[in-house]
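The values are calculated or read from the model by the stated rules, or taken from the named source; none is laboratory data. Keep in mind that this is a model prediction, so the values were computed, not measured. Here the Cβ positions follow ideal geometry from the backbone for every residue, glycine too, while neighbour counts run over all protein chains shown. Keep in mind that these areas ignore ligands, DNA and RNA; they rest on the heavy atoms of the full protein, side chains included. Shrake-Rupley method; radii C 1.70, N 1.55, O 1.52, S 1.80 Å.
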Amino acid sequence: HTISARIIREPKPSVLDFEVEGIYQLGTARDGLAANAALLDVSAWFLHADVGYTFPGSAKLRLSVEYDHASGDGRGKTYRRFDTLFGMRRADLAPPGIYNAIGRTNISTPGARIEITPSKRLDAFVSYRAMWLASREDAFSTTGVRDAGGDSGSFAGHQLEARVRYWIIPGCLRGEVNGVLLAKGRFLRSAPNAPNTGDTAYLSTALTVVF
């Protein structure tokens, strides 16, 4: 079962806006893939909070700070890894596509964001996040990197993300460019199965046709 609640004030010029959302999951889950694996009680949760301000003017410049926390699994007989179930990946901390490192599970991340919409055809944003594991013994977010002993620390790294979108044909064809830099911290460099690939740079482009 997933139970959630949210309170929100939509962004408007010269007004302080905010959003707070909490989700709790409970039930049972198998401790493994075998049909006879033991059943574990589930107790997992997620919290999102942000506060922003939109400056007056045609550019619709908005500054905000935000925080996300999704529980991870650990020692004990209770399963605590939050399952995002479904939804937009963009709303889940990272862009869509093959960059699949950051999602709503085993993560604690404060961040800041700058958004701008200078015209009806153009919008852009830049965001920064510092990222920690909610549980040292579980895999970090959706990376699959794990230290079951919890000896690799809890700091995963920094993520810098940007996006620019433009309506090439208003209301019909829109292009966008996404970019991400993941500067790995101690955990993503020293965990037993961490890939020795250095920092991650991701770039994607897309065209969306609206019928």
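What the table shows:
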| quantity | calculated |
| --- | --- |
| Accessible surface of the chain [probe 1.4 Å, protein heavy atoms]: carbon and sulfur percent | 60 |
| Sum of -39500 (n - 2.57) over DSSP H runs of 4+, divided by residues of the chain (222 nm, nearest 500) | -500 deg cm²/dmol |
| Share, in percent, of DSSP beta bridges within the chain that are antiparallel, nearest 5 | 95 |
| HN-Hα J in Hz across region 198-211 - Karplus 6.51, -1.76, 1.60, θ = phi - 60°, x for Gly and Pro | x, 5, 10, 10, 10, 9, 9, 10, 8, 10, 10, 9, 9, 8 |
| Dipole axis of region 1-114 (+1 Lys, Arg; -1 Asp, Glu on Cβ), positive-most option in SER108, THR2, LEU93 | LEU93 |
| Electrostatic dipole magnitude of region 1-122 [Cβ: Lys, Arg +1; Asp, Glu -1; Cα centre; debye, to 20] | 300 |
| Selection of GluC sites (Glu not before Pro), region 125-198, meeting DSSP coil and at most 11 other Cβ within 10 Å | none |
| Normalised convex hull volume, region 105-156, alpha-carbon set, Å³ per residue | 78 |
| Net charge, LYS120 excluded, C-beta distance under 13 Å - Lys, Arg +1, Asp, Glu -1 | +3 |
| Per residue value of the accessible surface for the chain (all protein chains in place, 1.4 Å probe), Å² | 56 |
| Positive-pole candidate from TYR166, TRP132, THR143, dipole of region 131-211, charges at beta carbon | TYR166 |
| Simple Cβ-charge dipole of the chain, Lys/Arg +1 and Asp/Glu -1, about Cα centre, in debye nearest 20 | 400 |
| Radius of gyration and Dmax over the Cα atoms of the chain, both given in Å | 19.1, 62 |
| Computed over the chain: relative contact order in percent, which uses C-alpha pairs under 8 Å that are six or more apart | 13 |
| Where Rh is the Kirkwood radius over Cα pairs, Rg/Rh for region 1-114 | 1.09 |
| Average Cα contact separation per residue, region 58-153, under 8 Å, 6 or more apart, as relative contact order % | 32 |
